[in-house]
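Here's the structure we're looking at; comments come further down.
Throughout, read-outs are computed from the coordinates displayed, never taken from laboratory work. Not measured: the values here are computed from a predicted model. When we count neighbours, we look across all protein chains shown, and the Cβ atoms used for this are built from the backbone with ideal geometry, even at glycine.
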């Protein structure tokens, strides 16, 4: 994932990553990206999954292409409004006919691979998602 993200960030300077501990690469997604692309494209946030998801919506509305990491899928349900109401539907309710798109990638680690305890190692990442035909919910298998 890191290599693919790096390639896309080289190709399109509108792409940036946002999430908790992105500059140190806790999950492995962003390792080395801040050294190559700088802190303006590798954004650290506080511990607020809702703020991460909502910031991605705002950035996409402004013409950027955010890759928002919700560190653990256990907490993705707190982002439901931002992901499944705002990101999924705003294009339709506020100008899809005029070409409005919200290009956002949400990523979350799922499962017990991290050995991070009961609230951090579940398989709860289904978000009841795919509210639009063009949405995709890829899930990595073991």
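For segment 63-93 versus segment 1-60, the inter-centroid distance based on Cα atoms is 15 Å. For residue 81 and residue 14, a Förster radius of 25 Å and the Cβ-Cβ distance give a FRET efficiency of 0.50, rounded to the nearest 0.05. Quick check on segment 15-79: take the gyration tensor over C-alpha atoms, sort the square-rooted eigenvalues as a ≥ b ≥ c, and tell me if it's rounded (a/c under 1.5), prolate or oblate. Since a/c reaches 1.5 but b/c is at least a/b, the shape of segment 15-79 is classed as oblate.
In this label model, residue 92 and residue 105 are separated by 2.5 nm, measuring between points 7 Å along each Cα→Cβ vector.
Per residue, the convex hull spanned by the Cα atoms of segment 2-114 amounts to 100 cubic angstrom.
Computed extension gain for residue 6 through residue 44, at 0.36 nm per residue and net of the alpha carbon distance, reaches 12.0 nm.
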